[in-house]
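Written below as structure tokens is the structure these notes are about.
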Amino acid sequence: MLKRTGGCHCGKVKFSVEGEPTRVGLCHCTDCRQESGSAFTYFGVWPSEQFSSEGFTTDHDGRRFCPECGSRLFSVDEHEAEIKLGSLRDAPTGLVPTYELWIKRREPWLGPLEGAEQFDEDKT
Ligand SMILES: [Zn+2]
Ligand SMILES: [Zn+2]
């Protein structure tokens, strides 16, 4: 099965995901902007049994990050692992978002991504 690996900027945290993600999206919401320090987040979701990680992480509201370098990494619960796709090792990842959330917060210089379903707020 295809395995993708990733980690934090300093290298103390590493993780991998197996197989294809169940979904890939972009989110422009205020929380995503603040926690990433960027205009939006690019994320992918895998079943949690297809995810594994090593190295110590700290979390805020379930969002795990490296306490050493501050890289935002993933959120995991018993069902799903949501990965910040910019933390994957190989770029570009080849993973194409199929939807965009909170487009009412999207910067006007960013157009809608062609073919991606558009949601004003969260997916209903
Ligand atoms: Zn780190
Ligand atoms: Zn968001």
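Some observations on this one:
- The set of residues from segment 1-26 being closer than 16 Å to residue 81 by Cβ, away from ligand 1 (no atom under 16 Å from the Cβ), assigned to a strand (DSSP E or B) and touching a residue at least 60 places away in the same chain (Cβ under 8 Å) comprises 4, 17, 23, 24, 25.
- Residue ID - surrounded by the fewest Cβ atoms within 10 Å (Cβ to Cβ), chosen from residues in segment 57-76 that are within 14 Å of ligand 2 (Cβ to nearest atom) and among the charged types (D, E, K, R): 61
- The residue of segment 77-102 that is nearest to residue 28 (Cα to Cα), among those that are open to solvent by less than 40 Å² (accessible area, probe 1.4 Å) and aliphatic (A, V, I, L, M), is 101.
- Selected residue [among the β-branched types (Val, Ile, Thr) and within 13 Å of ligand 2 (Cβ to nearest atom)] from 41, 5: 41
- Selection count, segment 27-49, where residues are closer than 24 Å to residue 3 by Cβ and open to solvent by less than 50 Å² (accessible area, probe 1.4 Å): 7
- One residue alone among 25, 62 is modelled with pLDDT under 95 and under 21 Å from residue 101 (Cα atoms), and that residue is 62.
The values are calculated or read from the model by the stated rules, or taken from the named source; none is laboratory data. Just so you know, these numbers come straight off a predicted model, no measurement behind them. FYI the Cβ positions are ideal-geometry reconstructions off the backbone, even for glycines, and counts take in every protein chain you see. Calculation scope for accessible area: heavy atoms of the full protein, side chains included, ligands and nucleic acids excluded. Shrake-Rupley method; radii C 1.70, N 1.55, O 1.52, S 1.80 Å.
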